[in-house]
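Just below is one structure, and these are the notes that go with it.
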There are 2 protein chains.
Amino acid sequence: MNGAESLVRTLLACGVDTCFANPGTSEMHFVAALDRVAGMRCVLGLFEGVVTGAADGYARIAGRPAATLLHLGPGLANGLANLHNAKRAASPIVNIVGEHASFHLKFDAPLTSDIEGVARPMSHWVRTSRAASTVARDGAEAVAAARSTPGQIATLILPADTAWTDADGMAHLPAPAVPSQVDEAVVRDVAALLRRREAPLLLLGGDALTESNLVTAAAIAAVCDAKLMTTTYVRHLPRGAGRVAVPRLPYPVAQALQALAPYRSIVLIGAPPPVSFFGYPNSPSELQPDDCHIQPLAQPGGNVTDALLRLADLLQADQRSVQLQAPDRPSPPRGPLSPDGIGRALAAALPDNAIVVDEAITTGRGFYAATAGAAPHSWLGNLGGSIGFGTPVGTGAAVAAPDRKVFCLEGDGSFLYTPQSLWTQARENLDVTTIVFANRSYNILKGELAMVGAGNPGRRALDMLELDRPAIDIAGLARSFGVPARQVGSLDELNLALDHAVASDGPKLIEVLL
Amino acid sequence: MNGAESLVRTLLACGVDTCFANPGTSEMHFVAALDRVAGMRCVLGLFEGVVTGAADGYARIAGRPAATLLHLGPGLANGLANLHNAKRAASPIVNIVGEHASFHLKFDAPLTSDIEGVARPMSHWVRTSRAASTVARDGAEAVAAARSTPGQIATLILPADTAWTDADGMAHLPAPAVPSQVDEAVVRDVAALLRRREAPLLLLGGDALTESNLVTAAAIAAVCDAKLMTTTYVRHLPRGAGRVAVPRLPYPVAQALQALAPYRSIVLIGAPPPVSFFGYPNSPSELQPDDCHIQPLAQPGGNVTDALLRLADLLQADQRSVQLQAPDRPSPPRGPLSPDGIGRALAAALPDNAIVVDEAITTGRGFYAATAGAAPHSWLGNLGGSIGFGTPVGTGAAVAAPDRKVFCLEGDGSFLYTPQSLWTQARENLDVTTIVFANRSYNILKGELAMVGAGNPGRRALDMLELDRPAIDIAGLARSFGVPARQVGSLDELNLALDHAVASDGPKLIEVLL
């Protein structure tokens, strides 16, 4: 068995059985090993941003890492933006990046680059295999690194000769690191704070956002007159009818300040402190009131679930007291398109157990609130802020959950970074409905231009924010990749398109002409 | 004037009047400054790989740098692959990358990343501006770094507050570094080698490939019984009827070894030593024969033009003796599509002074030879080997030379990394004809699989190399971006499409159905 085969067998033994790939010459032995080793599902992407984003979506739904297969430094570079998003979401991913054969590196051939340097800014763990005999062990350690708490981006660089040289065999997953237990003193301090019943806020993120943890948090809130809120963007949030309803911290700074204004204390549970997305000349970076005390329950890497349960015990919080969201499915709205109407149309149409990937930016700002009482579903948001995130993540989510329907809510600007996702969806017949809100501009930037104090844009500045010259036929773009698509110009048409999407399997795209 | 305006004015003063842009919040002040400062042509791209590739193409044709405007670490990351190609081509580029306001960085907001770390592997020069008062000087030094010999990638990172804070004014370009003169001893040694008339090879690349340098090299070759050859890929090569005809080093290792087998000595003139693109288990990395002596005339950064002229003087080489390529324009071929036929169709159709960007990989391997006697044209190749190169580079070349027709020769696999280029071409009404050779596979990888000794691929390996499930409607994809497109299935249809492209202005795409 050569090094490549030892790696494929090791990945499988470590529970990694899905690989999103855009391979080149230096990865051909890994590709060839797929013929000799059964069990690895390899999913091809036309562009590496699709590959890494799909691995992120897969990890969020499957709860375990997929591998990616990427070609040298530039291939990895094309995947970095979505690795950044995945890193911020603590999604576990194992990147396998081919490198020139070790004897070839000194010749500085055209594709030579500092791959470790490319990897480092968007990876927690980086290693170059030194020999075929270490590839299996390196691979197992990469999986272990990815499966840390919180999840990590592990990048293993594989010189071609370590792939084609004989190896000793496969390796097994090292004993996983156990998440550290939160100190009893920390839990007691938080309990003491909450017992004062000064209407604190529990700001929830990351591992706190499981269905059972949300119930625990809601029970704590009920017994202490606390409120719940999630971070603006969430890795994975189970919500809708029958789940705990939690508002989220708004994106616009003015609204976020207003949302946090009532609180003198905020307990962070799996969430970082609330800060604005960007720094602005006339707004604070920190969003809590000046006199607000911020107290973390668990640091990153801590066992949030355990800490929440212990806190609930100390406070004698009773999960049976928790009020769950009642179904609130509106009837399909009629008439002209509006953000509100679209939100209601979504709430009306979402089927049970759907996965919603949210990259709808400006048009979609109200969709979260509008769908609070929709059928139970998972909500996936972009914690890293790099756009081109939604359709790749939806692709990977659909690979992880073939029995669930995926809805990607996309701004047109965002969608156009990684439209190649659609081809992978067609190729794998994934049940993903992409809904693109075509306002034909980088609409968010018009607001940002004002926020940074850049005044009223003139013709040349506005020209950098408009996507209407020429208008892009997004439905036609989808069809060119093999995905059926339709354009809708009213809520009635949108309802029909959504009904069709719910009733039939396979990928499709709805272009909403705003 | 704020920092952003001081930078725009400085760039203009330093001769940088074109900016390829995909901006976000942190770059809004730069965008706003465009309204207050006339003279900067700002060209929008939907994806950063388009932006950086366009800057590469622009630099190759204009002979001076454009700026790029990129959003934070992930935006820069999306542009790295084509920066890698530009770096390998020694194309001068000035990247302006927005960063969070300096006071905001410590809060680790979602889009925070190590931008200098992202920049470094694909940049020669990296700097973060520390204050609004230094932005102008930093910008001038970035331009100076880019305009070094050879050209460099300079990345200037601009914290948002340095853009919006008041600055002192603009800066001017520092005195440019003069290329170092090649030592007289080196020139004399090369002259002595050539005087032995042992039928040496002059391997030409980079700065040696100007029209006048090629004539000088050809005169030297004539007087010393030497042969000329270019590197496999070239930054910019003037060729065709009335120019010096130079064969190129083949890509396939076996052919490259055969091409170099006759030579006992190789003089490198602006070219690196000949090495194979990848390392293979049963092939050498170095392509020259074992007993071949390699002698450089000029090191990178040296003045190649001057060294060539001095060498010609020493050898009493007479430029009047040089034989230039006779016109050899075939009549348009008829019948079914074949690589040979397509090559002849191109040679027949190319108009005077066209720019050809070559990313046709397997289908296009013979196009270079086929077009040797075509109308005079410029040939641009990919020195970095990262695909997704051609249409961005063609876009930038067309911006630099609105009076020339650009032809991008593309494999379908390569084309699909950065198809968003077409929208920029439509928006700017650029005279670019993209010809996509649709074999619906990563055809080159089938050969590479054999070269690396991975044997005959089975079903699962082959599945990673095929793009036919579903077939992608590349003409439809082009139309969705606003570019007129047609499919051709015979040489006769191809001839008609090429005639149409030559006769009319503006972007178009021809999908060649192989």
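The values are calculated or read from the model by the stated rules, or taken from the named source; none is laboratory data. Treat the numbers as computed from the prediction; the structure is a model and nothing was measured. Note that each Cβ is placed from the backbone with ideal geometry, even for glycine, and that neighbours are counted across all protein chains shown.
Tally time: how many residues in the range B:470-480 are farther than 18 Å from A:Phe47 by Cα and at the interface with chain A (Cβ under 7 Å from one of its Cβ atoms)?
Total satisfying the criteria: 3.
Considering B:Ala13, B:Ala67, which residue is among the small types (Gly, Ala, Ser), surrounded by 24 or more Cβ atoms within 10 Å (Cβ to Cβ) and in contact (Cβ under 8 Å) with a residue 12 or more places away in the chain?
B:Ala67
Run A:Leu76 past the list (1) farther than 16 Å from B:Ile387 by Cα; (2) assigned to a helix (DSSP H, G or I) and report the number of the one that doesn't hold.
Going through (1) farther than 16 Å from B:Ile387 by Cα; (2) assigned to a helix (DSSP H, G or I) one by one, A:Leu76 breaks only (1).
Residues in the range B:246-269 that are in a loop (DSSP other than H, G, I, E, B) and surrounded by fewer than 18 Cβ atoms within 10 Å (Cβ to Cβ): how many?
6
I'd like to check something: does the range B:76-88 contain any residue that is under 15 Å from B:Leu156 (Cα atoms) and within 8 Å of another protein chain (Cβ to nearest Cβ)?
Yes: one or more hits.
So how many residues does the range A:248-258 have that are farther than 29 Å from A:Ser180 by Cα and either in contact with a strand residue (DSSP E or B) (Cβ under 7 Å, 6 or more places away or on another chain) or within 13 Å of another protein chain (Cβ to nearest Cβ) (or both)?
As a first pass, look at the range A:248-258 and keep what is farther than 29 Å from A:Ser180 by Cα: A:250-258.
Imposing the further condition that a residue be either in contact with a strand residue (DSSP E or B) (Cβ under 7 Å, 6 or more places away or on another chain) or within 13 Å of another protein chain (Cβ to nearest Cβ) (or both) reduces the set to A:251-253, A:256.
Summing the residues that are farther than 29 Å from A:Ser180 by Cα and either in contact with a strand residue (DSSP E or B) (Cβ under 7 Å, 6 or more places away or on another chain) or within 13 Å of another protein chain (Cβ to nearest Cβ) (or both) in the range A:248-258 gives 4.
Select from the range B:439-454 the residues that are on the phi > 0 side of the Ramachandran plot and more than 9 Å from every other protein chain (Cβ to nearest Cβ) and list them in ascending order. Lay out the reasoning, then the answer.
Residues of the range B:439-454 on the phi > 0 side of the Ramachandran plot: B:440, B:453.
Of everything in the range B:439-454, just one residue is on the phi > 0 side of the Ramachandran plot and more than 9 Å from every other protein chain (Cβ to nearest Cβ), namely B:Arg440.
Filter the range A:22-41 down to residues that are touching a Gly at 6+ places or on another chain (Cβ under 7 Å) and either farther than 16 Å from A:Ile93 by Cβ or surrounded by fewer than 24 Cβ atoms within 10 Å (Cβ to Cβ) (or both), then give me how many there are.
Total satisfying the criteria: 5.
Quick one: count up the residues across the range B:270-279 that are within 14 Å of another protein chain (Cβ to nearest Cβ), buried (at least 20 other Cβ atoms within 10 Å of the Cβ) and either touching a residue at least 60 places away in the same chain (Cβ under 8 Å) or not polar (S, T, N, Q) (or both).
6
Taking only the range B:40-69 into account, find how many residues are touching a Pro at 6+ places or on another chain (Cβ under 8 Å), under 24 Å from A:Gly385 (Cα atoms) and of a type in the set (A, V, I, L, M).
So the count comes out to 3.
Going residue by residue through the range A:132-154, is there one that turns out to be over 30 Å from A:Ser180 (Cα atoms) and touching a residue at least 24 places away in the same chain (Cβ under 8 Å)? Step through it out loud before you land on a result.
Going through the range A:132-154, the residues over 30 Å from A:Ser180 (Cα atoms) turn out to be A:132-133.
From the residues that got through so far, the ones that are touching a residue at least 24 places away in the same chain (Cβ under 8 Å) too are A:132-133.
Scanning the range A:132-154 turns up at least one residue that is over 30 Å from A:Ser180 (Cα atoms) and touching a residue at least 24 places away in the same chain (Cβ under 8 Å).
Identify, from the list A:Asp431, A:Asp328, the residue that is outside the structural domain of A:His500 (by TED's automatic domain parsing), over 30 Å from B:Met28 (Cβ atoms) and either among the charged types (D, E, K, R) or surrounded by 23 or more Cβ atoms within 10 Å (Cβ to Cβ) (or both). Give the derivation first.
Details: A:Asp431 fails: outside the structural domain of A:His500 (by TED's automatic domain parsing).
Sole residue among the options that is outside the structural domain of A:His500 (by TED's automatic domain parsing), over 30 Å from B:Met28 (Cβ atoms) and either among the charged types (D, E, K, R) or surrounded by 23 or more Cβ atoms within 10 Å (Cβ to Cβ) (or both): A:Asp328.
Restricting to the range B:285-323, name every residue that is small (Gly, Ala, Ser), modelled with pLDDT of 95 or more and either over 13 Å from B:Asp183 (Cβ atoms) or loosely packed, with under 14 Cβ neighbours inside 10 Å (or both).
B:Ser285, B:Ala312, B:Ala317
Here is a yes/no grid of residues against (1) of a type in the set (Phe, Trp, Tyr); (2) at the interface with another protein chain (Cβ under 8 Å from one of its Cβ atoms):
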{"site": "B:Thr433", "(1), (2)": "no, no"}
{"site": "B:Phe437", "(1), (2)": "yes, no"}
{"site": "B:Asn456", "(1), (2)": "no, no"}
{"site": "B:Ala461", "(1), (2)": "no, yes"}
{"site": "B:Asp468", "(1), (2)": "no, no"}
{"site": "B:Arg486", "(1), (2)": "no, no"}
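Going by the structure shown, is B:Ile61 touching a strand residue (DSSP E or B) at 6+ places or on another chain (Cβ under 9 Å), crowded, with 24+ Cβ neighbours inside 10 Å and away from chain A (no Cβ under 11 Å)?
On the way: touching a strand residue (DSSP E or B) at 6+ places or on another chain (Cβ under 9 Å): yes; crowded, with 24+ Cβ neighbours inside 10 Å: no; away from chain A (no Cβ under 11 Å): yes.
Spelling it out, it is not the case that B:Ile61 is touching a strand residue (DSSP E or B) at 6+ places or on another chain (Cβ under 9 Å), crowded, with 24+ Cβ neighbours inside 10 Å and away from chain A (no Cβ under 11 Å).
Name, by its number, the condition in (1) touching a residue at least 60 places away in the same chain (Cβ under 8 Å); (2) part of a strand (DSSP E or B); (3) surrounded by fewer than 24 Cβ atoms within 10 Å (Cβ to Cβ) that does not hold for A:Gly98.
It is condition (3) that A:Gly98 fails.
Consider B:Ser113 carefully, then state whether it is within 10 Å of another protein chain (Cβ to nearest Cβ), under 29 Å from the mean Cα position of the chain (by Cα), part of a loop (DSSP other than H, G, I, E, B) and modelled with pLDDT of 95 or more.
When the stated conditions are applied, B:Ser113 passes them.
Taking only the range B:411-428 into account, find how many residues are hydrophobic (A, V, I, L, M, F, W, C), surrounded by fewer than 24 Cβ atoms within 10 Å (Cβ to Cβ) and more than 8 Å from chain A (Cβ to nearest Cβ).
Residues in the range B:411-428 being hydrophobic (A, V, I, L, M, F, W, C), surrounded by fewer than 24 Cβ atoms within 10 Å (Cβ to Cβ) and more than 8 Å from chain A (Cβ to nearest Cβ): 0 in total.
Having 3 or more residues that are over 23 Å from B:Phe277 (Cα atoms) is the bar; report the helices (runs of 4 or more DSSP H) wholly within the range B:310-423 that clear it.
Working: elements: B:339-349, B:367-370, B:390-400, B:412-415.
Answer list for the range B:310-423: B:339-349, B:390-400.
Being under 22 Å from B:Asp56 (Cβ atoms), at pLDDT 95 or above and among the β-branched types (Val, Ile, Thr) is the filter here, so list the residues in the range B:324-370 that pass it.
B:Ile355, B:Val356, B:Val357
For residues in the range A:16-56 being without any contact (Cβ under 8 Å) to a residue 40 or more places away in the chain and assigned to a loop (DSSP other than H, G, I, E, B), which is nearest to B:Asp412 (Cα to Cα)?
A:Met40
Could you figure out which of (1) closer than 20 Å to A:Gly205 by Cα; (2) within 14 Å of chain B (Cβ to nearest Cβ); (3) surrounded by fewer than 14 Cβ atoms within 10 Å (Cβ to Cβ) isn't true of A:Asn282?
(1)
Across the range A:452-474, what is the number of residues that are over 28 Å from A:Ile435 (Cβ atoms) and free of Cβ contacts under 8 Å to residues at least 60 places away in the same chain? Walk me through how you get there before you give the answer.
Taking the range A:452-474 first, the residues over 28 Å from A:Ile435 (Cβ atoms) are A:452-461.
Still in the running and free of Cβ contacts under 8 Å to residues at least 60 places away in the same chain: A:454-461.
Result for the range A:452-474: 8.
Based on what the data block shows, is B:Leu314 farther than 27 Å from B:Pro376 by Cα, in contact (Cβ under 8 Å) with a residue 40 or more places away in the chain and of a type outside the set (Gly, Ala, Ser)?
So B:Leu314 fits the description; yes.
What number of residues within the range B:378-410 are more than 14 Å from every other protein chain (Cβ to nearest Cβ) and either crowded, with 24+ Cβ neighbours inside 10 Å or in contact with a helix residue (DSSP H, G or I) (Cβ under 8 Å, 6 or more places away or on another chain) (or both)?
Taking the range B:378-410 as the starting set, the residues that turn out to be more than 14 Å from every other protein chain (Cβ to nearest Cβ) are B:378-380, B:390, B:393-409.
Filter once more, so that each one left must be either crowded, with 24+ Cβ neighbours inside 10 Å or in contact with a helix residue (DSSP H, G or I) (Cβ under 8 Å, 6 or more places away or on another chain) (or both): B:378-380, B:390, B:393-401, B:404-409.
Number satisfying all stated conditions: 19.
Consider the range B:17-43. How many of its residues are at pLDDT below 95, in contact with a strand residue (DSSP E or B) (Cβ under 8 Å, 6 or more places away or on another chain) and small (Gly, Ala, Ser)?
Adding up the residues that qualify gives 3.
Per-residue answers, yes or no, for (1) surrounded by 24 or more Cβ atoms within 10 Å (Cβ to Cβ); (2) among the acidic types (Asp, Glu):
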{"site": "B:Val126", "(1), (2)": "no, no"}
{"site": "B:Ala131", "(1), (2)": "no, no"}
{"site": "B:Glu141", "(1), (2)": "no, yes"}
{"site": "B:Gln152", "(1), (2)": "no, no"}
{"site": "B:Pro176", "(1), (2)": "no, no"}
{"site": "B:Val190", "(1), (2)": "yes, no"}
{"site": "B:Leu193", "(1), (2)": "no, no"}
{"site": "B:Ala199", "(1), (2)": "no, no"}
{"site": "B:Ala219", "(1), (2)": "no, no"}
